[in-house]
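Reading through the structure tokens given below for one structure.
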Amino acid sequence: MATQFFSKRNLQFLLYEVFDAESLTKYPYYQDHARETFDMVLDSAEQIAEKMLKPLLTEMDRKEPQLVDGKIRIHEGMRNIIKKFGDDGWINAGFSYEEGGQQIPSTVLNSAAFIFQAANYSSSVFPFLTTGAANLLRSFGSKELQEIYIPNMYAGIWQGTMALTEPDAGSSLSDITTTAEPTDSDAECRPGVYKIKGQKIYISAGDHDMCENVIHLMLAKIKGGPAGAKGISLFVVPQKRIKETGGGSNGINTTNIENQTSNIEHRILEDNDVLTAGVYHKMGYKGAPIAHLMVGSNDNTLGYLVGEPHKGLTYMFQMMNEARIGVGMNAAAIGTAAYYASLEYAKERPQGRVISDKDISKPQTQIIRHADVKRMLLFQKAVVEGSLALLTQCGLYADLAHVTEGEEREYYHLLLDLLTPIAKSYPSEMCCLSTSAAVQILGGAGYTTDFPVEQFYREARIHPIHEGTTGIHGLDLLGRKIIIKNGKSLQLFFEELMKTIEQASEYESLKPFAEKLRKYLEKSAGITQHLLSLAAADLEVFLSDATLYLELFGIVTIAWQWLVQGIKAQEKLATAQGDDVNFYQGKLATMRYFYEYELVKIDGLARRLMSSDNVTVEMQSEWF
Amino acid sequence: MKILVCITNVPDTTAKISFTDGDTKFNKTGVTYICGPYDDYALSRAVELRDQLGGTVTVMNVGEADSEQVIRKCLAIGADDAIRVNCEPTDSYFVAEQIAVVAAQEKYDLILMGRESIDYNGGIVHGLVAQMLGIPSLSPVMKLEIDGNTAKMTREIEGGKEDIEASLPLVLGCQEPIAEWKIPNMRGIMTARTKPLRVLEPVGEGLTVTSKYELPAPKGACKMVSADEAEKLIDLLKNEAKVL
């Protein structure tokens, strides 16, 4: 088993040297923190990852969840892990003191999550799914719903999920058919309480035996409401509901309930008719169960409306946007673990001799000396460290949007909103390729289960699919994000890049990179104008290569992040000592690699995006 | 129960070791410091005993200001307050002297520390402190329970284990599996910054000065000898390694 799975030095470089996370402490909301606090959060994350998560990496892959007697059984080791995250306050660490949280900035918490994900992706998802669901409730749920559900979720006693996808509605959520019928037509009128009926599929942690209850934040359509996306509402649909003993609003009596199973809430739980019809057996990410749920099969599922009717999708997008940054982080983390596993192997594995010295009497050389192996290592390093830089940048924008007001707040919001599809899709797509490079470096050994890289390769593949496919994010970027507010987000993004280009131009050694980025930024702007000019004439043509546009945008964005890192590395190199010299030299060489091997891919993409040949639109189904 | 836990601020086990000033000083550049792993065990058990029996846990370090980061981590793990004696820990006797002065004033029921540090691995500070205070010292303690005024312990001895009892106060050198290492939780991390940390000036002066550090010679290359070439192996052992 590979020993290193992430680089603490790189996290420190990004957090403190590049993005100055410590500067957040000047805002009142974060004033109780200091670098010392941030370091301790990361150290604790590392210890949990090393001692609890990483030891189960392979075992959770081999012993995947099973459906037994209607209940999904997961790895027993998850009991302690979920409990640890709940007991130690990780699930609500980012929330306010008033809510029992510690107001830890996203910039830091995302880095901690990155450590967990790199250690064992499957095990890391359980607590953070609960964080996302609880965050929705605290944002939009009634005080009563918050009081009932959130404490047990924060404590890790109840699992949170988001239940969106249905057998015939995945990317197209406007087509969901799960229904919600008001109970106020019943003899016993219960405002806000609905009967839910339908099916949900691919629900991560949708059922398992390591928590007392599962709380689904579920999308459904209220009968008689508007058609399509405008008729979607959000409900809390618990797997087990609190038994009604009469007298409470929403059918929930919070005062006269006996202690039953939960440690911190004294309520009796009863079945809510949410049946687990199956557990999916997946290609990777096997330790976390993905459930197929039957809701209201016996006409006895109650759902509790969150916020206002028909605003469910808007609410859910808050969670989805956060989750999308999380998915990008997952991918970067898995890619990072694969990179270090292949790096370790390349340093130890002797095979062949360098091209310039083929003397057979000499021992074989370690494969890290072969240029092609170095290329594959550089590719991985460029992708994963470039992605991590972008994701850290997004965390910082989220924190700054949280603590600023007015125009400044809008500025950070617009940038974060624009960059979200890229922060999700670039790492997701590219880490499929980078983990493949890791397998390639190990050769035949990499294709066996004796080494972890094949698992990383399989686990990377889900990320271009879940939380919106790459295709959906392409449409989101080209069809929506770059044109909202008359293209203000895009303008701000270009200004950010220009600032970096100006900064880099102050260093003689970085001028060529600054010039290249300027050239490709101008090219990208031209392509954007060209595509927008197609929109009025033919929307289908306009959006037909949205995925390629997303790819192009992703490369420019990561090139920007590499220049940001290059500036800091160049600045620090002047006074660096010891291992830091190698660290900064490594950063500068990887930036060079990105500009030489990756940025130039824009030329090919540009040719296609500027072409008037609409083959994908014109191709007929029958011609396949 | 009033417990003092003495901790060392030592380079991470993965740190690359080098020296400066003509090989007379350890080069701290780029080195990550940690709480001594055996001290971590002692602290974890102290926190458990405090939670079980009530009282306080004070963490103490003899070291310069840069050790405060590690001290704060100990506070995050659960110690109630901390003392740092502001000086370079030049030798075991000097360190023990500082601990003994504080302990004599504060009257602790238990003084716990790791069985040894992991930088110089002297393993004598607990004995020296006990001698200076005139109380018993035991090491390495693998198990510790407190029953009234009696400590019930298991310690490792040559070739086995020994169950032993002694009255408080005591100085103990600890090792695994006396407790599981504790990982600071979020609340602990946030409260660590506001817990009291007293800085005291040292008494006396260090007795030793390092005149020169030297790294061990690098390991020689490994020669592989085929299993059917025993004579060649004997020859190498005799004439090259000169161990036969």
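The values are calculated or read from the model by the stated rules, or taken from the named source; none is laboratory data. Bear in mind that the values here come from a model prediction, so they are computed numbers and not experimental data. For neighbour counting, all protein chains shown are included, and Cβ atoms are generated from backbone atoms with ideal geometry for every residue, glycine included. Each accessible area value is taken on the protein alone, full model and side chains, heavy atoms only, with ligands, DNA and RNA left out. Shrake-Rupley method; radii C 1.70, N 1.55, O 1.52, S 1.80 Å.
Please tell me the relative contact order of the stretch A:329-430 in percent, rounded to the nearest whole number, where contacts are Cα pairs under 8 Å and at least six residues apart.
30
How much FRET efficiency would the formula 1/(1 + (r/R0)^6) give for B:Glu214 and B:Lys238, where r is the Cβ-Cβ distance and R0 is 45 Å, rounded to 0.05?
Step by step, r from the Cβ atoms, then E = 0.90.
Could you order A:Ser124, A:Ser621, A:Ser611 so the one with the most accessible surface comes first? Probe is 1.4 Å.
Solvent-accessible surface, decreasing: A:Ser621, A:Ser611, A:Ser124.
Quick one: pull the percentage of alpha-carbon pairs in the stretch A:1-159 with a separation above 19 Å.
More than 19 Å apart: 58 percent of the Cα pairs in the stretch A:1-159.
For the stretch A:112-251, take N as its residue count and report Rg(C-alpha) divided by 2.2 N^0.38 Å.
1.11
Using label points projected 7 Å from each Cα along Cα→Cβ, tell me how many nm separate A:Thr3 and A:Lys311, to one decimal.
5.5
So how far, in whole Å, is the C-alpha centre of the stretch A:267-343 from the one of the stretch A:489-537?
Cα centres, the stretch A:267-343 to the stretch A:489-537: 37 Å.
Run the simple label-point estimate for A:Thr365 and A:Asn582 please: 7 Å along Cα→C-beta, distance reported in nm.
Label at A:Thr365, label at A:Asn582, 1.8 nm between them.
Give me the mean projected area, in nm² to one decimal, of the convex hull enclosing the Cα positions of the stretch A:33-80. Intermediate results must be reported in sequence, preceding the final value.
Values: hull surface 18.2 nm².
Average projection, Cα convex hull of the stretch A:33-80: 4.5 nm².
Nearest 10 degrees, 0 to 90: what angle lies between the long axis of helix A:511-535 and the longest principal axis of chain A (Cα atoms)?
50
Stokes-Einstein D for chain A at 37 °C, 0.692 mPa s, Kirkwood Rh over Cα pairs, in µm²/s?
Diffusion coefficient, whole number: 127 µm²/s.
Quick check: residue separation of A:Glu407 and A:Gln318 times 0.36 nm, minus the Cα distance between them. What number comes out in nm? Kindly include the intermediate steps, with their values, before the conclusion.
Numbers: separation 89, 0.36 × 89 = 32.04 nm, distance 2.04 nm.
Length difference between fully extended and current span is 30.0 nm.
Remind me, what semi-axes does the stretch A:264-404 give for its equivalent ellipsoid, largest first in whole Å, using sqrt of 5 times each Cα gyration tensor eigenvalue? Spell out each step's value before the answer.
Working: eigenvalues 504, 108, 29 Å².
Equivalent ellipsoid semi-axes, largest first: 50, 23, 12 Å.
State the percent of C-alpha pairs, over all pairs in the stretch A:114-153, separated by a distance greater than 14 angstrom.
52
How large is the accessible surface per residue of the protein assembly as shown, computed with a 1.4 Å probe and reported in Å² as a whole number?
44
Could you state, as a whole-number percent, how many of the C-alpha pairs of the stretch B:113-229 are farther apart than 19 Å?
When every Cα pair of the stretch B:113-229 is considered, 69 percent fall beyond 19 Å.
Select from the stretch A:1-109 those trypsin sites (Lys or Arg not before Pro) which occupy a DSSP coil region and have at most 16 other Cβ atoms within 10 Å, ordered by residue number.
Sites meeting the loop and neighbour criteria: A:Lys63.
Taking beta carbons within 10 Å but only from partner chains, what does the mean come to for residues A:35-42?
Details: counts 1, 8, 7, 1, 4, 13, 5, 0.
So the per-residue partner count for this stretch is 5.
Quick one: of A:Lys197/A:Lys240; A:Lys83/B:Lys195; A:Lys499/A:Lys601, which pairs are farther than 18 Å apart, Cα to Cα?
From A:Lys197/A:Lys240; A:Lys83/B:Lys195; A:Lys499/A:Lys601, over 18 Å: A:Lys83/B:Lys195; A:Lys499/A:Lys601.
Test of understanding: what is the full-extension gain from A:Val615 to A:Ile355, defined as 0.36 nm times their sequence separation minus their Cα-Cα distance?
Numbers: separation 260, 0.36 × 260 = 93.60 nm, distance 4.44 nm.
The A:Val615-A:Ile355 span can extend by a further 89.2 nm.
Work out which helices of chain B, taken as complete DSSP H runs, extend at least 30 Å along their axis over the Cα atoms and score a mean Kyte-Doolittle of -1.0 or more, then list them.
On the way: long enough: none.
Helices meeting the span and hydropathy rule in chain B: none at all.
Please work out, to two decimal places, the log10 of the ratio I(q)/I(0) at q = 0.16, 0.25 Å⁻¹ from a Debye calculation in which every Cα of the stretch A:479-546 carries one identical scatterer.
Scattering profile of the stretch A:479-546, log10 relative to I(0): -0.64, -1.06.
In the stretch A:467-512, if every C-alpha pair distance is counted and binned at 5 Å from zero, what percent goes to each bin?
With a bin width of 5 Å, the distribution comes to 5, 20, 15, 14, 14, 11, 12, 7, 1.
Mean separation of Cα pairs under 8 Å and 6+ residues apart, divided by the residue count of the stretch A:259-356: what relative contact order is that in percent?
For the stretch A:259-356, the relative contact order is 16 percent.
Once you put a point 7 Å from the Cα of B:Glu205 and another 7 Å from the Cα of A:Thr449, both along the Cβ direction, what distance in nm separates them?
Going from the B:Glu205 label point to the A:Thr449 one covers 6.8 nm.
With each run of n ≥ 4 DSSP H residues scored as -39500 (n - 2.57), what mean residue ellipticity at 222 nm is computed for chain B after dividing by its residue count and rounding to the nearest 500 deg cm²/dmol? Let's see the in-between values first.
Numbers: 6 runs with 64 residues, N = 244.
So the calculated ellipticity at 222 nm is -8000 deg cm²/dmol.
Relative contact order for chain A using alpha-carbon pairs under 8 Å, separation at least 6, rounded to a whole percent?
Dividing the mean separation by the residue count of chain A yields 13 percent.
Would you kindly calculate the mean projected area, averaged across all directions, of the convex hull enclosing the Cα atoms of the stretch B:2-212, in square nanometres?
12.1
Determine the gain in length on full extension of the stretch A:Asp209-A:Lys347; use 0.36 nm per residue of separation and subtract their C-alpha separation, reporting nm with one decimal.
Going from the current span to full extension adds 45.5 nm.
Could you state the number of Å between the C-alpha centres of the stretch B:1-72 and the stretch A:550-574?
38
Would you tell me the mean number of C-beta atoms belonging to other protein chains that fall within 10 Å of each C-beta in A:90-100, as a whole number?
On the way: counts 2, 1, 1, 5, 1, 0, 0, 1, 0, 0, 2.
Rounded to a whole number, the mean comes out at 1.
How large is Rg over Rh for the stretch A:395-553, taking Rg from the Cα atoms and Rh as the Kirkwood inverse mean of 1/r across Cα pairs?
The Rg/Rh ratio comes out at 1.05.
Using alpha-carbon positions, what is the distance between the centroids of the stretch A:594-624 and the stretch B:188-244, in Å?
Cα centroid to Cα centroid, the span is 59 Å.
Mind grabbing the base-10 log of I(q)/I(0) for the stretch B:65-147 at q = 0.11, 0.21, 0.24 Å⁻¹? Debye formula, identical points on the C-alpha positions, no solvent, two decimal places.
-0.32, -1.28, -1.54
If eta is 1.306 mPa s and T is 10 °C, what Stokes-Einstein diffusion coefficient results for the stretch A:484-610, Kirkwood Rh from Cα pairs, in µm²/s?
After rounding, the answer is 101 µm²/s.
How far is helix A:546-573 tilted off the main Cα axis of chain A, in degrees rounded to 10, range 0 to 90?
For A:546-573 against chain A, the angle is about 60 degrees.
Filter the trypsin sites (Lys or Arg not before Pro) in the stretch B:57-131 down to the DSSP loop ones having no more than 14 other Cβ atoms within 10 Å, then list what survives.
On the way: sites: B:Arg72, B:Lys73, B:Arg84, B:Lys107, B:Arg115; in loops: B:Lys107, B:Arg115.
Passing sites in the stretch B:57-131 are B:Lys107.
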